[in-house]
Structure formats: C-alpha cells, structure tokens
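Participant: My questions all concern the structure below.
The values are calculated or read from the model by the stated rules, or taken from the named source; none is laboratory data. Please read these numbers as outputs of a predicted model, since none were measured by experiment. Ideal geometry is used to build each Cβ from the backbone, glycine not excepted, and the neighbour counts take in all protein chains shown. Ligands, DNA and RNA are excluded from the accessible area calculation, which covers all protein heavy atoms including side chains. Shrake-Rupley method; radii C 1.70, N 1.55, O 1.52, S 1.80 Å.
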Amino acid sequence: MHNSDIEVIIVGAGPVGLTLACELRLASIRVTILERRPQRSAHSRALTIHGRTLEMLGLRGLDQRFVALGTSLSSGHYAGLDTRLDFSGFDTPHPYTLFLPQNTTERLLEERLLEDGVAIVRGALVEQTQQDDDGVTVAGTHDGAPFCLRARYLIGTDGARSLVRQQAGIAFDGVAATCSMLMGDVRLRHPPASPMLSLTNAAGSLMIVPLEQGRYRVITLNARRPQVAAAEAATVEELSQASTAIADYDFGLHDASWLSRFNDETRLARRYRQGRVFLAGDAAHIHMPAGGQGMNVGMQDAMNLGWKLAGVLKGYAPDSLLDSYHAERHPVGVSLQHNTLAQTAMLTRFDAHTLALRATISDMLAQPDVNRALASELSGFGVRYPISLGSDASAGSADWIGRRVPDWLLRLADGTAVGIHELLHAGKWLQLVVGNAAHTAQPYRFDAAWLTSLTIKPGCQPLAGIKSLLIRPDGYADHAV
Ligand SMILES: Cc1cc2nc3c(=O)[nH]c(=O)nc-3n(C[C@H](O)[C@H](O)[C@H](O)COP(=O)(O)OP(=O)(O)OC[C@H]3O[C@@H](n4cnc5c(N)ncnc54)[C@H](O)[C@@H]3O)c2cc1C
C-alpha cells in the first residue's frame, strides 16, 4: 500500500464509509478506504432504506439502482405497534421504505465507487491512529504486512466498537444493554397469512418479515429469557421455540442462512469531530435496531460530512464549515437515541403496564398528526438544520433555513423543465433566481466555483413569494430571499 498524496482516509467499508467515499470522489478528493474484512459481508443485516435516504441517493442520480432491486412498502412500524406509520403522504419521489438487504446496498455503493476508479483496500486492519497539526497517521497491517499512511483527515466509519473513536479519546455516552434479541434468516414451512407479522404479548415479542428467495427474517425476544450472553450460540431450535411460544403457532422454521443475537445497548459519541478526526454511522451512534434507522442515519451523516470536507479540501470553504457537521448531526443522533430507547421500552417489557402503554400509543398513532410526526422522524424527512451556512441570512426568510427541498419541477429560463434534485447531481450548491429578480441572495461566503446559479421562470408554486433560493449540496435550503 502506497501513500500517494491521500487527502482522506476512511476506516470501514460499511454502508456509511462507502457513502462518504462516493461523496468525496464526486469532488475528485483522493480517498483511501481501509477495510479489515477480506470480502463484503454476506449477511442481510439492515433491510430498511427510508425515503429520505433514497432521496439523498437521488440527489446524486443513484436512487433507481436501489429501487430496481428492492421492494417498497408505504408503511413502517414503530415499536411493532398495531397502528403503522404512514409514509405515503410525503412530497417525495420515494414516499415509502424500501426493503433491500444491506449486502446489496453495500454492493451498489461499491460499484459506484469502482466506476470512479476507487477500490476498497480489503484485508487492511487499522491498529493505530494519531493526529497532529498537519494531518493524520494511520498504521496497521494489510494482509499481514505492516503499513503506515498519512492524510489530511481521518474518518471513523468503523462501526460500534470504533477504534478511531477510542483512539481519538471521544466519549461514547449512553446505557448498557438490558436485553438480547435473537434473529435468523430462515425458511418457513407454514408462513404467516400476512407476509409481515408483528406480535407482542406476555410471552415476548416476535417480528417476521419476508426476504428474497422465499426466506424470512424472524426476530424474537423471549420474555422468559430476556438476557442471553452474546457468546451463546444461536440456534434455529431456540428461535423456533421462542416464536412458537409468542405466536402460539409453529411456523416450521428451518434452513437458517444467518443466525445472530443483538441487543439494545444505546450510546452516542460526545463529539462527532475531534480536530482532523470525524465519526459517522455506528461509530457515532448505536441503539436497538428498531424502525430500521442506524444505517439510514449513518448514510445521512455521510452525506452531511462529504460535501463539507470536499469544500474545505478544495479550498472553497473555511475549516469552520467542518464544525457544522457536529452541530447539525449530533442533534439527529440525540433524537435517534430517544426514539429507539422509547421503542425499546415498549418492545422489551411484557408486563400489564407496558402492554397497556402499547395499546394507548397505538391508538394515538391513529391520529394523523401524531402519525405524521413520528413518520417524519423515522423516515428522515423531518430533519431540519436551523442555521444558515452559506451567508448571513438575516435579510432572508427564516421559514426556509435548513428545510429539505423536495424534488419540485422547475422551468428554466430557456423553457426546459427539470427537477431540482437533478440540478444537484454534481454535488455543488445551487442558487435559483426566480424570473428577472436581481441576484438577491445574501453575499455568498464560499467560492463561486462551488455554485450552480440558474434563472427559473416564475410559476413554480412552492417557490411563490421568493426571489431566490440557495440550496446546499445535500438538498437542504440554506436560505431564501
Ligand atoms: C439485525 C439488524 C437489523 C438492522 N436493520 C436495520 C435497518 O433495517 N435499517 C437501518 O438503517 N439499520 C439497520 N441496522 C443497523 C445497521 O446494520 C448499521 O447501523 C449499519 O451497518 C452501520 O453502518 P456503518 O457503515 O456505520 O458500520 P458497519 O456496517 O458496522 O461497518 C463498519 C466496517 O468497519 C470495519 N472495521 C471495523 N474496525 C476496523 C478496523 N480497525 N480496521 C479496518 N476496518 C474496520 C468493519 O469490518 C465493517 O466492515 C440493523 C442492525 C442489525 C444488527
């Protein structure tokens, strides 16, 4: 392995590291991804891709690659309650969740990287990281041989036990595990009548979700054995006994392609940035995988960090822009921690009080506003960044700052119709000037080479009343005038 002027080292080629590498390559940043595994994991792990993540992939023209291979569903679960979250009403090309195994997601991201000529360095175990005023040093072994690399920045996307986080001395605050769930990707001799099943009662909780090729993901928490040591081997028999006890029905589990245990340990990195070191994904936040959020939030961390890091490395933006990564994404991590802890409380206790609480919250979810609020949070559509980064927006409309901009159809000055998201494919800022308005956006703090400026014809209804709109590379409005 050679140290040929690397600008960014990413440790960990999970979905988050891969997303970040795609973003950096889009800006022609020299990036190296180090991954200890010799091959991509074969396990399905995360199945749910939420609408906002798909939309973000769409901001780079990649969404259809994922949609073509997955199965969409316009609702999702919250704590496995009977009333489901409804995603169908969001103003987006993707008002649904997409079921796609994580190994396929990783493959598609890796293929995108290869198109840009970036290969993951597999079999590279990172053992030591250090930073100084000029850069970072990363050392370890690659296929057994030692290596030592230098770069300007280091990103830890190395998962829950992140070495990068530990060696940067970043605290990982939170709560220890209280229970362990058992899961298996199996075949069923007697599948449930409805392909998705979610049950919680005094015997425990059970979830069954269809996978590809006649397989099902079965997850159980057995009320009689809520805590099992991680080291205890998982078996189909144990999964079968637990699911039969909860459903009072034998689904005929057999032929497991993957069995595993996971728990509800919940932690959040105190800082997402420590000098030249950044954390994203599971390295920054872990929690019970309830509502399918960890990978999604991590990929959105990566989308937030990528263009900022590229802007600073290209000289378009000051270093201070990088501080906004923690300022914007840490609060999202706090919300993630809260909602998964709340779901865990309802998913892992089976006394009469908790079952009554479940019924009450399920009833409340039938109210559209309540349903919409939680659906916004879990889907990622509700994320908003409250501070303008591009300029002094004091003269602009506060309504727009940090709002997600949907893929509205615009008519350009030459009459061409185009969706806003397509205009962001290059990963630059976008300034839309309506009609003959002068360029009324506030003075732009970043280099103009990082900006696409277009005049659009008046008449796009959602933009009525504004003269210009400045949109960040990740599709959030910076501000409007
Ligand atoms: C059963 C289950 C179901 C889930 N379902 C969903 C879901 O539906 N939706 C969702 O959004 N999330 C879900 N999640 C969570 C999701 O799987 C994780 O949030 C996601 O994998 C995090 O991605 P990551 O890239 O941050 O980390 P990881 O996927 O953990 O990748 C980290 C990578 O870093 C590498 N690495 C670690 N240390 C080193 C080192 N020292 N040197 C080199 N490489 C290193 C690892 O080998 C690994 O490849 C689920 C999790 C589980 C367990």
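Participant: Residue 323 versus residue 261, label points 7 Å from Cα toward the beta carbon: distance in nm?
Facilitator: About 4.5 nm separates the two model spin labels.
Participant: Let me check against my output: what whole-number percent is the relative contact order of the chain, with C-alpha pairs under 8 Å and at least 6 apart?
Facilitator: 17 percent
Participant: Which three extents, in angstrom, do the Cα atoms of the chain have along their principal axes, listed largest first?
Facilitator: The principal-axis extents, from largest down, are 69, 58, 37 Å.
Participant: For segment 208-357, rounded, prolate or oblate, judged on the Cα gyration tensor with a ≥ b ≥ c (square roots of eigenvalues), a/c < 1.5 rounded, else prolate if a/b > b/c?
Facilitator: Note, shape of segment 208-357 comes out prolate.
Participant: Then there is this: In nm, what is the difference between 0.36 nm times the number of residues separating residue 30 and residue 398 and their Cα-Cα distance?
Facilitator: 128.8 nm
Participant: Here's another thing I want to ask about it. Test of understanding: what is the full-extension gain from residue 426 to residue 373, defined as 0.36 nm times their sequence separation minus their Cα-Cα distance?
Facilitator: Extra length from residue 426 to residue 373 when fully extended: 15.9 nm.
Participant: In the P(r) worked out for segment 180-263, what percent of Cα pairs fall beyond 16 Å?
Facilitator: 43 percent
Participant: Hey, rough spin-label estimate for residue 384 and residue 145, points 7 angstrom out along Cα→Cβ, what's it come to in nanometres?
Facilitator: It works out to 5.5 nm between the two label points.
Participant: Probe of 1.4 angstrom, ligands and nucleic acids ignored: what's the accessible area per residue over the chain, in square angstrom?
Facilitator: Using a 1.4 Å probe on heavy atoms only, each residue of the chain averages 41 Å².
Participant: Could I have the simple spin-label model distance between residue 82 and residue 342, label points 7 Å from Cα toward Cβ, reported in nm to one decimal?
Facilitator: Taking the simple label geometry, residue 82 and residue 342 are separated by 2.1 nm.
Participant: If R0 is 41 Å, what FRET efficiency do you get for residue 119 and residue 201 from their C-beta distance, rounded to 0.05?
Facilitator: Here the calculated transfer efficiency is 0.25.
Participant: Could you work out how much longer the chain between residue 231 and residue 190 gets when fully extended? Use 0.36 nm per residue separation minus the Cα distance between them, nm to one decimal.
Facilitator: 11.8 nm
Participant: If r is the Cβ-Cβ distance from residue 42 to residue 127 and R0 is 30 Å, what FRET efficiency results, to the nearest 0.05?
Facilitator: That gives a FRET efficiency of 0.75.
Participant: Where a ≥ b ≥ c are the square roots of the eigenvalues of the C-alpha gyration tensor, would you call segment 393-480 rounded, which needs a/c under 1.5, or, failing that, prolate if a/b is larger than b/c, or oblate?
Facilitator: Cα axes put segment 393-480 in the rounded bin.
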